[in-house]
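Nothing in this text is a laboratory measurement; each read-out follows from the coordinates by a stated rule. This structure is a prediction, so every number in the text was calculated from the model and none was measured. FYI the Cβ positions are ideal-geometry reconstructions off the backbone, even for glycines, and counts take in every protein chain you see.
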Ligand code: XIL
């Protein structure tokens with residue numbers, strides 16, 4: 001029997017998973033988490049949609065519970081996320097209270113900026129010394145070829161791009177030691193990556209402190225190409241920044257991005273009995289990406305977006321269908337994917 005994942009990967013990077021606090025209440029889940037992982041992320045409970053109840057009112061309780069568990073078991077915690085265009089849970093836009101007021105009023109921008117600064121300051125201060133890294137902003141780059149920044153965001157609508165620098169500066173002022181990340185999906189796409197790198201260069205030229213790039217890495221059995229994944233990591237490292245893989249999962253469906261825009265473009269539900277060769281392909285895919293990660297010294301942590309197939313956002317997004325993207329099955333038994341990672345043949 002090989003040693004657990006966190007030990008096998010200790011010489012390379014931290015290995016984490018996203019969780020909801022209810023995992024801690026299940027003794028079997030809690031034991032698995034403590035044995036296998038060296039880092040935790042709150043799947044939803046550190047997002048503004050959870051913490052930012054109202055202006056100046058915060059709910060830190062579920063996040064604090066995750067942190068207490070992590071620290072009791074020698075695990076690090078990464079913060080996700082200070083600024084997002086969505087809330088947690090319901091895919092609604094970020095909390096309304098940030099944007100309350102009359103847009104045509106001359107003070108409007110300053111009022112929203114002050115709310116953002118206060119939120120970031122209070123949250124980073126609360127978790128100071130308890131989280132080692134923050135996703136300061138999440139998904140701010142556009143997928144659209146004629147836009148650099150995501151414009152379908154309440155933050156962009158209120159501010160243009162300036163909210164990004166405001167958030168980074170407030171985070172750095174509140175905690176000089178925490179690592180500050182910009183988190184993004186599809187960084188393998190050369191066009192998107194070019195935009196991301198340009199934005200990072202501009203922020204740094206303005207004196208904004210930024211430590212690394214989080215690559216969400218929601219991938220599937222056969223895409224994107226490994227070379228593109230490697231290029232994304234190399235390009236960030238070449239800027240002298242850290243890398244983290246922040247939300248790794250391997251979908252069983254070889255969908256294109258089109259499935260996100262048009263549910264009819266999604267491949268049909270595989271149903272309950274997933275063919276063996278699909279699970280085998282998933283295991284090989286996990287091994288292949290770990291081969292890349294293990295050779296990238298700039299990677300500080302690899303976090304999975306969940307641990308057991310009993311709970312994954314991919315069973316409801318982008319459409320509702322069976323998906324088994326993680327390392328342990330619904331009964332917490334290690335899958336082929338797990339074994340290929342800890343015990344490459
Ligand atoms: C997802 C959670 O997994 C879901 O439970 C929630 O309903 C919506 O958010 N990119 C991110 C994560 O940065 O925060 C998202 O998490 C998944 C996509």
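For the options 25, 143, 135, a Gaussian network treatment of the chain with springs between C-alpha atoms closer than 10 Å singles out 25 as fluctuating the most. Shape descriptor for the chain: Rg over Rh equals 0.95 (Cα atoms; Rh from the Kirkwood inverse mean 1/r). Our note on the geometry: Cα centres of segment 1-57 and segment 76-145, 22 Å apart. If the segment from residue 191 to residue 59 were pulled out straight at 0.36 nm per residue, it would be longer than the present Cα-Cα gap by 43.7 nm. When the Debye formula is applied to the Cα atoms of segment 1-46, each taken as the same point scatterer, what base-10 log of I(q)/I(0) results at q = 0.19 Å⁻¹? Debye intensities relative to I(0), on a log10 scale: -0.61.
The mean of 1/r over all distinct Cα pairs in segment 209-345, once inverted, gives the Kirkwood hydrodynamic radius of 15.6 Å. Note on residue 239/residue 295: beta-carbon distance plugged into 1/(1 + (r/R0)^6) with R0 of 25 Å gives a FRET efficiency of 0.85.
Here r is the Cβ-Cβ distance between residue 107 and residue 147 and R0 is 41 Å; the resulting FRET efficiency, rounded to 0.05, is 0.90. Each part gets one Cα centre, and for segment 196-248 versus segment 303-345 those centres are 24 Å apart. Rg ratio for segment 257-333: its Cα radius of gyration over 2.2 N^0.38 Å, N being its residue count, equals 1.25.
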